[in-house]
Amino acid sequence: QVQLVESGGGLVQAGGSLRLSCAASEMIFSNMGWYRQAPGKQRELVAAITRGGITNYADFVKGRFTISRDNFRNTVYLQMNSLKPEDTAVYYCNADQMGTTKTFWGQGTQVTVSS
């Protein structure tokens with residue numbers, strides 16, 4: 001069974017940094033990414049990365065967040081700098097299984113940015 005295990009969330013002051021990690025069980029994934037969902041809002045894409053390293057960012061994180069992945073370790077990272085209170089949300093890891101239409105989600109990790 002595929003498992004995506006996130007870590008690295010927490011409480012940080014505005015302007016601070018956090019690094020999220022998502023370790024996936026043994027499977028080959030094409031695209032991997034991070035989404036977030038704030039209370040009362042829909043889940044939204046934060047950043048995504050292809051297996052070859054091509055990245056895509058939501059406008060609201062460009063210049064502040066960096067997504068990266070280690071294909072050998074099946075892990076995707078999200079480095080978050082210059083955090084703002086509006087970045088407060090549950091962050092979810094997402095991964096698409098290579099060669100299929102299956103997509104998998106992590107359990108989510110809370111990120112809280114205080115003002």
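The values are calculated or read from the model by the stated rules, or taken from the named source; none is laboratory data. Values in this document were obtained by computation on a predicted structure and should not be read as measured data. Here the Cβ is made from the backbone with ideal geometry for all residues, glycine too, and neighbour counts use every protein chain on show. Side chains included, ligands, DNA and RNA excluded: accessible areas come from the protein's heavy atoms. Shrake-Rupley method; radii C 1.70, N 1.55, O 1.52, S 1.80 Å.
Out of segment 74-83, which residues are in contact with a strand residue (DSSP E or B) (Cβ under 6 Å, 6 or more places away or on another chain) and either over 18 Å from GLY63 (Cβ atoms) or not hydroxyl-bearing (Ser, Thr, Tyr) (or both)? Even if it seems obvious, please write down each step before you answer.
Filtering segment 74-83 for residues in contact with a strand residue (DSSP E or B) (Cβ under 6 Å, 6 or more places away or on another chain) gives 74-80, 83.
ASN74, THR75, VAL76, LEU78, GLN79, MET80, LEU83, listed by residue number.
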Report task. Mind listing whichever residues of segment 83-97 are closer than 11 Å to VAL113 by Cα and charged (D, E, K, R)? Result -> LYS84, GLU86, ASP87
Requested in this report: Give the residue that is most open to solvent (accessible area, probe 1.4 Å), with candidates limited to residues of segment 1-32 that are within 12 Å of the chain's Cα centre (by Cα) and of a type in the set (A, V, I, L, M).
Outcome: VAL5
Query raised in the report: Hey, TYR35 hits all of (1) touching a residue at least 12 places away in the same chain (Cβ under 8 Å); (2) surrounded by 15 or more Cβ atoms within 10 Å (Cβ to Cβ); (3) more than 18 Å from LYS102 (Cβ to Cβ) but one; which does it fall short on?
Result: (3)
Query raised in the report: Considering only residues of segment 57-93 that are touching an Asp or Glu at 6+ places or on another chain (Cβ under 9 Å), in contact (Cβ under 8 Å) with a residue 40 or more places away in the chain and aliphatic (A, V, I, L, M), which is surrounded by the most Cβ atoms within 10 Å (Cβ to Cβ)?
Result: VAL76
